[in-house]
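Since the structure comes first, as structure tokens, the remarks are kept for the end.
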Amino acid sequence: MLLELRQLRIQPGQQLLLEDVSWQQFENILAELGEHRAARLSYSHGFLEIMVPLPEHEKAKEMIGDLVKILLNERSINYDSLGSTTLRSEKMTQGVEPDACFYIQNQAAIIGKNRLDLSIDPPPDLAIEIDLTSRTQLENYQILGVPELWRYGKQGLQINILQSGKYVESNFSPTFPDIPIIELVNQYVQQSQVVGSSQAIQAFRSWVRDNI
């Protein structure tokens, strides 16, 4: 690449789209940027998008991830939370970094692995994207075979379920089929904006213990 990545300045809430990026260049960019960074990357068939989220994006990401962990913990369900780890497959020429992802049914298959290759490893059972400042590209997740994708935007939570290789919108979560998850996520994320995140988390935990 003609420019050094350190020369680029991307403001929070902005995206940079690069074309004709080879898989090796994508891997080099991941290595150069490192694991501890604000930017999120998405790669598909030579197109690389680099996005830096806004604080409101990060708040919603943390809140929804915490809600999922509370539900899994209260039900004593084993899981691994891999956060924004890079989901990649050179064979499928796809790479994406969700805001959060969870291995639940497939947890045993990735225990002890520090790097995932979805050409051979299973995809996460649940991925979460916050679409307050950007729009998730569904194709990345469809090609990688992620069975359940949550997208939280200005209109609230949308659940997408993979059926025959395409996402269809669902009014329930297969991960939590008996819980009104859309209503709960919308309610407590909004509540966190009014009373604070820790207070909303405590209220949600109390609701779970009283109702589940």
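The values are calculated or read from the model by the stated rules, or taken from the named source; none is laboratory data. What you see is a predicted model; the values in this text were computed from it and never measured. Note: ideal-geometry Cβ built from the backbone for every residue, glycine included; neighbour counts use all protein chains shown. Heads up: the accessible areas ignore ligands, DNA and RNA and are worked out on the full protein's heavy atoms, side chains in. Shrake-Rupley method; radii C 1.70, N 1.55, O 1.52, S 1.80 Å.
Given a Förster radius of 25 Å and the C-beta distance between V195 and Q11 as r, what FRET efficiency does 1/(1 + (r/R0)^6) yield to the nearest 0.05?
Once the sixth-power term is evaluated, E becomes 0.25.
Work out the FRET efficiency for S119 and Q187 from their Cβ-Cβ distance, taking R0 = 30 Å, and round it to the nearest 0.05.
0.15
Please work out the C-alpha center-to-center distance from segment 72-94 to segment 153-212 and express it in whole Å.
If you average the Cα positions of each part, the centres end up 18 Å apart.
Mind checking the angle between helix 181-195 and the chain's longest principal axis? C-alpha axes, 0 to 90 degrees, to the nearest 10.
Between helix and principal axis, roughly 90 degrees.
Could you work out the relative contact order of segment 90-189? I mean the mean sequence separation of Cα pairs under 8 Å and 6+ apart, divided by the number of residues, in percent.
The value is 20 percent.
Between M92 and H45, what is the label-point separation in nm under the 7 Å Cα-to-beta-carbon projection?
Result for the modelled spin labels: 1.4 nm.
For a test of understanding, tell me how many lysine pairs in segment 1-156 have Cα atoms under 29 Å apart, given they are 8 or more places apart or on different chains.
9
Would you calculate a helix-derived [θ] at 222 nm for the chain, using -39,500 (n - 2.57) for each DSSP H run of n ≥ 4 and dividing by the full residue count, to the nearest 500?
So the helix-based figure for the chain works out to -10500 deg cm²/dmol.
Output wanted: per-residue J couplings in Hz (rounded whole) for segment 41-55, from phi through Karplus 6.51 cos²θ - 1.76 cosθ + 1.60, θ = phi - 60°, x for Gly and Pro.
The phi angles translate into 10, 9, 10, 8, 6, x, 9, 10, 10, 10, 10, 10, x, 8, x Hz.
Counting only protein heavy atoms and using a 1.4 Å probe, what share of the accessible area of the chain belongs to carbon plus sulfur, as a whole percent?
The computed percentage sits at 47.
From Cα coordinates alone, what are the radius of gyration and Dmax values for segment 73-179 in angstrom?
13.4, 38
Cα axis of helix 197-211 to longest principal axis of the chain: angle in degrees, 0 to 90, nearest 10?
Rounded to the nearest ten degrees, it is 50.
Name the trypsin sites (Lys or Arg not before Pro) in segment 99-207 that are in a loop by DSSP and that have at most 14 other C-beta atoms within 10 Å, would you?
Listed in order of number, the matching sites are K113, R115, R135, K154.
Can you compute the label reach from I111? Point 7 Å from Cα along the Cβ direction, backbone N cut-off under 19 Å, restricted to segment 54-94.
Correct set: 72-83.
If you line up the long axis of helix 23-33 against the longest principal axis of the chain, both from Cα atoms, how many degrees apart are they, to the nearest 10?
70
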